[in-house]
Amino acid sequence: MSAMDGKRQSYRDRYFSDNEAVRVAANNWKGYKVIYRYVGLWKSWECPSGGIKQRKLLVGAAELASICLYMLCAAADAPINRVRVASGLGILSIIPWLLEISGIIRFALAKEYVKEMSMDEIDRSIRYGCFLRAALVVLSGLVGMGNCFSSGTANGQDVLLLAGILASALLSFVIWRLYGKLLINTYRNANGSPGSKI
C-alpha cells in the first residue's frame, strides 16, 4: 500500500497520488478541461492451479451456498434461534458479510488488470469480511446451543441447525482459502495501461 512518511494515506490523498491532472482542449469558455489520468500501478490475479475464471466461479458458488445454508438455518423455528444474544450476534454478522459479498462481487466482475487501489479494497473486503463473519456466525451458533443445553430445551433439530450454521462459517473459511491462494502480480503503468511486470 502506498504511504507517506510511513503513515497510511487517506482515500482522497491516495486517489490524487495515483491520478495525474491533465489539461485537454475543450469547447468551453476556458478552452480546456481537466481530466485525471491513472498513473498508479496495475495488478492482476493469477491462479497457480488453473484459470482465474474457474476460481471466481468456485468462490461465487461457495458464497451462494453459504448464504442459502445460513438463511435456511436462521429461518427455522427452533430453540437455538430464540436465544437473544445468539440472534444479536447473527444480526451483527451481517455487517462483515456485506463486506465479504461486496468484495466477492467486485472480484467476480473485475477485468484482467485492476488498479492497485481497487485491488487493495477487494482484497481487504474478502479477507476481513470472511474472517469476521465466520467468527461471529460460529459464536452465535455456540452461544445459542450452549443456552439450549443449559436451559434443557436442546433437541435434535437444534443440533442439525448448529451443524448448518457451522457449515456456513466453514464455507466462509473455504472462500478465504480459495482467494488467499491466488497470486497477485504487479505491473508498471505505461501511459495509463498495464506495462511490464514488476
(request) Mind computing the radius of gyration and Dmax over the alpha-carbon atoms of the chain? Å is fine for both. (result) 22.4, 79
(message) Looking at the chain as a GNM with Cα springs under 10 Å, which of ILE104, ILE122, ILE52 has the largest mean-square fluctuation?
(response) ILE52
(message) Per DSSP helix of 4 or more residues, -39500 (n - 2.57); summed, then divided by the residues of the chain. What does that give at 222 nm, rounded to the nearest 500?
(response) -20500 deg cm²/dmol
(message) Using Cβ contacts closer than 10 Å as the measure, can you line up TYR128, TYR70 from fewest to most?
(response) TYR128, TYR70
(message) I want to check the label-to-label distance for LYS111 and VAL39. Put each point 7 Å from Cα in the C-beta direction and report it in nm to one decimal.
(response) 2.1 nm
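Going by C-beta contacts inside 10 Å, put LEU171, LEU72 in order with the fewest on the left.
Neighbour counts put them in this order, fewest first: LEU72, LEU171.
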(message) Please give the Cα centre distance for region 140-182 versus region 14-42, rounded to the nearest Å.
(response) 51 Å
(request) Starting from the Cα of LYS33, draw a straight line to each of the aspartates and glutamates and keep only those under 20 Å, dropping any in the same chain fewer than 8 residues away. (result) ASP18, GLU20
(request) Averaging sequence separations of C-alpha pairs under 8 Å and six or more residues apart, then dividing by the length of region 43-188, give the relative contact order as a whole percent. (result) 43 percent
(message) Give me SER172, SER196, SER10 sorted ascending by neighbouring Cβ count inside 10 Å, so fewest comes first.
(response) SER196, SER10, SER172
(request) Let me know the charge dipole size of the chain about its Cα centre in debye, to the nearest 20, where only the beta-carbon of Lys, Arg (+1) and Asp, Glu (-1) is charged. (result) 720 debye
(message) Using a Cα-Cα cut-off of under 25 Å, which lysines could be cross-linked to LYS43, ignoring same-chain neighbours fewer than 8 residues away?
(response) LYS7, LYS53, LYS56, LYS111, LYS115, LYS181, LYS197
(request) Set Lys and Arg Cβ to +1 and Asp and Glu Cβ to -1, take the dipole of the chain about its Cα centre, and tell me which of VAL159, PHE131, SER87 lies farthest positive. (result) PHE131
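Quick note: the coordinates plus some simple rules give every number you see, no bench work behind them. A quick note: this is a predicted structure, and the numbers were derived from the prediction, not measured. Cβ sites come from the backbone with ideal geometry, for glycine too, and all protein chains shown count toward neighbours.
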